[in-house]
Amino acid sequence: MTTDQIILFALFGGVFVMLLWGRFRYDLVAFTALLLGVVLGVIPTKDAFSGFGHPATLIVALVLIVSAGLVRSGAVFLITRTLVDSARKLGSHIAIIGAIGAVLSAFMNNVAALALLMPVDIQTARKAGRSPAKSLMPLSFATILGGMATLIGTPPNIIIASIREDALGAPFKMFDFAPVGGITAIAGLLFVALIGWRLIPDREDAGKKVSDLGQYIAELTIPADSKLIGKRLAEFEPNAEDADVQILGLMRGGKRMYGTARNNVLREGDALVLEASPDALDEFRAALSLNFSDEKREEQLNAAGEGLDIIEVVVPETARIAGKTAAALGLAWRQGAVLMGISREGRRIRSQIRKTVVQPGDILLILVHKDRGPDVTDWLGCLPLADRGLVVTANSKMWLAIGLFVGAVAAASFGLIYLPIALGLVVVAYVIAKIVPISELYDHVEWPVVVLLGSMIPLGAALDSSGGTALIANSLVSLTAGLPAWAVLTVLMLVTMTLSDVLNNTATTIVAAPVGIQMAQALGVSADPFLMAVAVAASSAFLTPIGHKNNTLILGPGGYSFGDYWRMGLPLEILVVAVSIPAILVFWPL
């Protein structure tokens, strides 16, 4: 093993350990590794930032903007309004919304597809009087499966196409993934709709009633002129019961008082600690003339005189507020908004709400000025939950948006124009037609993913050029010596799938795809089936909430625990391997 190989393996090992630890965000970890690679001399200075101009990086960024245009035009919601019905049985609902999610994911970023359909699914569950826990996980898995079918459906496919172009001279085309990815996705969807959802446990913290999903730990304060001052907290339990609110305790001077707090005499500025749905919370507040927040913030909220809205948002990993408190972020003075409550997988919040560190997967209840909900949601980097939230462009532009996108995909598929150029032209057309305002153009790009890709691509190239990937490939071939090529293919798929369950699928792909090419060359067979195996495996992260962003997004709204995912995810991964290996051998023979 050469010095360069040792350094690169150490860097990749460090990246994987840091990603597993999760203390620092993946883009910072990857960028730090890139800089260390340059400083240590294993990456040429001239190639240090080549990944940021790589076609794979550009396609990922452009797909996100195009996805936003399709949303703003109303195209996606036309589909969901037409096809989703709360009167259907649960199995039928999962089959239909899962199929919609899979199709959308094939042509737009699968995280964006889930973000669009998650509020629809939750609202449907509420109308049907059932817990969303039974349908959110199937929906997440369906959107992950759908991304396997096309080049632009998921970042691993984009990366693999680019790696193939660098190694073999030509990339995979738009629908080259469809025979294997499409068959695998259909088989996975059938399993999820018919069997998989039945394996999801009926956990108490997942909410056996629909009203449980919207339960927040919240605070309401007693104003200076309140008639409640001097009375005991226990006296208001009948009011709480009528409004379906649970009184958990009392906050005084920044300290929580539980248990005996019910016997305490209320004072001005005390905060009641409550558990309730948004509607129940507001009903209780109005009945007792309580404040949303302390006097100062209440005056600031009412000063504008334009009315108030309550919004619900879910916190993704990349949100501005993730890992911070509302107070530290300056939510009140920067946006004129108040964090009213937090819902966190059924767990109690034991610190003051605005001083509680917000975690990915939390659902936040926020009080905002009238019509400011979308702006505050965007500023926080969160996703709207209770309703669509973001304003869409007039429906008159819907067919224009669809036509431009379909035309670009068709042109790229027939080789008439290079895919990044085609998507770039769609973005320009969307801006000119005001489907996506130019002021919001870059807001839709998931910059941490761009930095991750831009950083990992040069590292992956360096590992390949140093012979590191060949070393890994030869080791795997040696371990599987005497086995037929299809068995070696299966081993590669299982290793890749395992890594993808615990690491970012982009990082997994950048390492696994070159290894697959080297394994094929060592065996003297075509590299394409190995690349297809990596593509499917890297997208099959179904065992944990950390393997794919979609699984993280549903963690809070579904009330899931870490161990809930494998119950449906493990048989689904086994099915993916069982279906995709024969499909690969048929459509991409060795």
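The values are calculated or read from the model by the stated rules, or taken from the named source; none is laboratory data. For clarity, every value in this text was computed on a predicted model and none was experimentally measured. Cβ placement follows ideal geometry from the backbone for every residue including glycine, while neighbour counts extend to all protein chains displayed. Ligands, DNA and RNA are stripped out before the accessible areas are found, and what is left, the full protein with its side chains, is counted by its heavy atoms. Shrake-Rupley method; radii C 1.70, N 1.55, O 1.52, S 1.80 Å.
Starting from residues that are open to solvent by 30 Å² or more (accessible area, probe 1.4 Å) and in contact (Cβ under 8 Å) with a residue 60 or more places away in the chain, keep the ones in segment 543-585 and report whichever is nearest to ALA112 (Cα to Cα). My answer is LYS549. The residues of segment 20-60 that are of a type outside the set (A, V, I, L, M), free of Cβ contacts under 8 Å to residues at least 40 places away in the same chain and open to solvent by 80 Å² or more (accessible area, probe 1.4 Å), listed by number, are TRP21, ARG23, PHE24, THR45, LYS46.
Among the residues of segment 319-333, write down those that are in a loop (DSSP other than H, G, I, E, B) and open to solvent by 40 Å² or more (accessible area, probe 1.4 Å).
Step one: list which residues in segment 319-333 are in a loop (DSSP other than H, G, I, E, B), which gives 319-325, 330.
Matches in segment 319-333: ARG320, GLY323, LYS324.
Answer yes or no as to whether ALA522 is closer than 22 Å to LEU151 by Cα and either of a type in the set (Asp, Glu) or assigned to a helix (DSSP H, G or I) (or both).
No; evaluated as a whole, the condition is false for this residue.
Residues satisfying the criterion are present in segment 280-290 (criterion: closer than 30 Å to PRO545 by Cβ, at pLDDT below 75, open to solvent by less than 40 Å² (accessible area, probe 1.4 Å) and not acidic (Asp, Glu)).
Residues checked against (1) in contact with a Pro (Cβ under 8 Å, 6 or more places away or on another chain); (2) of a type outside the set (Phe, Trp, Tyr); (3) not in a helix (DSSP H, G or I):
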| site | (1), (2), (3) |
| --- | --- |
| ILE435 | no, yes, yes |
| SER439 | no, yes, no |
| VAL449 | yes, yes, no |
| LEU452 | no, yes, no |
| ASP464 | yes, yes, no |
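Of all the residues in segment 403-427, those that are of a type outside the set (S, T, N, Q), at pLDDT below 85 and assigned to a helix (DSSP H, G or I) number 3. Pairs meeting the criteria (first residue in segment 413-426 and closer than 17 Å to GLY153 by Cα, second residue open to solvent by 20 Å² or more (accessible area, probe 1.4 Å) and among the charged types (D, E, K, R), beta carbons under 7 Å, at least 6 apart or on different chains) are SER413/LYS173.
Among the conditions (1) modelled with pLDDT of 90 or more; (2) surrounded by fewer than 24 Cβ atoms within 10 Å (Cβ to Cβ); (3) touching a helix residue (DSSP H, G or I) at 6+ places or on another chain (Cβ under 9 Å), the only one that GLY101 does not satisfy is (2).
Scanning segment 139-158 for residues that are open to solvent by less than 10 Å² (accessible area, probe 1.4 Å) and over 15 Å from THR184 (Cα atoms), we see that the one that is modelled with the lowest pLDDT is ILE152. On the stretch given as segment 159-184, residues that are open to solvent by less than 10 Å² (accessible area, probe 1.4 Å), under 24 Å from GLY569 (Cα atoms) and either modelled with pLDDT under 90 or not β-branched (Val, Ile, Thr) (or both) total 2. Here segment 1-17 is the region considered, the condition is being without any contact (Cβ under 8 Å) to a residue 60 or more places away in the chain and closer than 16 Å to VAL511 by Cα, and the residue that is farthest from the chain's Cα centre (by Cα) is ILE6.
Residue selection: ALA170 satisfies the criterion of being without any contact (Cβ under 8 Å) to a residue 24 or more places away in the chain and among the hydrophobic types (A, V, I, L, M, F, W, C).
The sole residue among VAL491, VAL477, VAL536 that is crowded, with 23+ Cβ neighbours inside 10 Å and assigned to a helix (DSSP H, G or I) is VAL536. The single residue among PHE236, PHE191 that is part of a helix (DSSP H, G or I) and at pLDDT below 85 turns out to be PHE236. The set of residues in segment 125-137 being open to solvent by 10 Å² or more (accessible area, probe 1.4 Å) and either assigned to a helix (DSSP H, G or I) or farther than 21 Å from ILE200 by Cα (or both) consists of ARG126, LYS127, ALA128, LYS134.
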